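Asks: Here you go, one structure.
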Amino acid sequence: MSDLTSAQVLQNRLSYQGSKFSFHVDRIKLPNGITGEYSYIKHPGAGMAVPVTADGKFVLVKQYRFAIQRYLLEFPAGTLEVGEDHGLTIRREIEEETGYSASQWQYLGGFYICPGYSDEIIHAYLAQGLTKLENPPAQDEDEEIEVVLMTRQEIENLLRSQSADTSLDAKSITAFYLAIQALP
């Protein structure tokens with residue numbers, strides 16, 4: 001198998017520049033000599049947390065996602081600001097989205113979300129030692145979020161049923177399984 005890191009970009013074309021990502025169409029010559037056009041989303045990355053309360057409940061957010069026109073349950077997450085460390089991103093996002101802060105953080109790892117069309121990597125953390133904030137920061141104007149507390153068993157039951165009404169997204173499922181391996 002060829003080393004794809006030696007692929008040669010013949011032409012890079014920015015097709016769209018959004019507020020959080022850009023869309024590119026590149027003409028690439030692969031190491032095997034084949035030339036083709038590849039489109040992808042360039043993303044700054046993200047941080048996410050799996051917050052767990054002292055009594056073992058997982059803190060999720062129920063959020064409307066326009067692209068699929070339905071609500072999803074997710075663990076709190078946010079896009080990195082330019083030059084921002086993913087640990088800082090998620091500390092800010094957990095407070096904005098859930099109204100909790102955490103005193104204990106454990107890095108669970110980073111993983112690519114959709115490498116077939118995006119370079120986005122998300123960095124997951126286990127957040128414990130939660131404190132409910134008296135005056136949490138305001139949520140972003142473009143987000144409609146409801147905080148939901150669930151036990152491990154409730155999440156596992158939801159994953160088995162995959163209800164049409166509410167389900168978890170792939171990044172949250174991945175982070176959930178990483179977190180339960182790290183929990184005592």
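Asks: Tell me the relative contact order for the chain as a rounded percent, counting alpha carbon contacts under 8 Å between residues six or more apart.
Replies: This gives 22 percent for the chain.
Asks: Test of the criteria: in the range 6-108, which GluC sites (Glu not before Pro) are in a DSSP loop and have at most 13 other Cβ atoms within 10 angstrom of their Cβ?
Replies: Counting only loop positions with at most 13 other Cβ atoms within 10 Å, the GluC sites (Glu not before Pro) in the range 6-108 are 81.
Asks: Given the options 35, 174, 79, which has the most mean-square fluctuation in a GNM of the chain, springs set between C-alpha atoms less than 10 angstrom apart?
Replies: So, out of 35, 174, 79, the one fluctuating most is 35.
Asks: Write out the chymotrypsin sites (Phe, Trp or Tyr not before Pro) in the range 1-79 meeting two conditions: DSSP loop, and at most 12 other Cβ atoms within 10 Å of their Cβ.
Replies: 66
Asks: Ranked by accessible surface with a 1.4 Å probe, highest first, in what order do 25, 82 come?
Replies: From most exposed to least exposed: 82, 25.
Asks: Quick one: what are the phi-derived ³J(HN,Hα) couplings along the range 35-50, Karplus 6.51/-1.76/1.60 with θ = phi - 60°, whole Hz, x for glycine and proline?
Replies: These are the phi-based 3J(HN,Hα) values: 10, x, 9, 10, 9, 7, 9, 9, 10, x, x, 8, x, 9, 10, 10 Hz.
Asks: Another question, if that's okay. Just tell me which lysines come within less than 30 Å, Cα to Cα, of residue 132; anything on the same chain fewer than 8 places away is out.
Replies: Cα-Cα hits under 30 Å: 20, 57, 62, 171.
Asks: Something else now. Counting other C-beta atoms within 10 Å, and keeping those with at most 16, which DSSP coil trypsin sites (Lys or Arg not before Pro) do you find in the range 1-51?
Replies: Of the trypsin sites (Lys or Arg not before Pro), the ones in loops of the range 1-51 whose Cβ has at most 16 other Cβ atoms within 10 Å are 20.
Asks: Using a 1.4 Å probe on the protein chains only, how many percent of the accessible area of the chain belongs to carbon and sulfur?
Replies: The C+S portion of the solvent-accessible surface of the chain is 51 percent.
Asks: With every protein chain left in place, what is the accessible area per residue of the chain in square angstrom, probe 1.4 Å?
Replies: About 58 Å² of surface per residue is accessible.
The values are calculated or read from the model by the stated rules, or taken from the named source; none is laboratory data. Keep in mind that this is a model prediction, so the values were computed, not measured. As a convention, Cβ positions derive from the backbone with ideal geometry for all residues, glycine included, and neighbour counts pool all protein chains shown. The accessibility values were calculated without ligands, DNA or RNA, using every heavy atom of the protein model including side chains. Shrake-Rupley method; radii C 1.70, N 1.55, O 1.52, S 1.80 Å.
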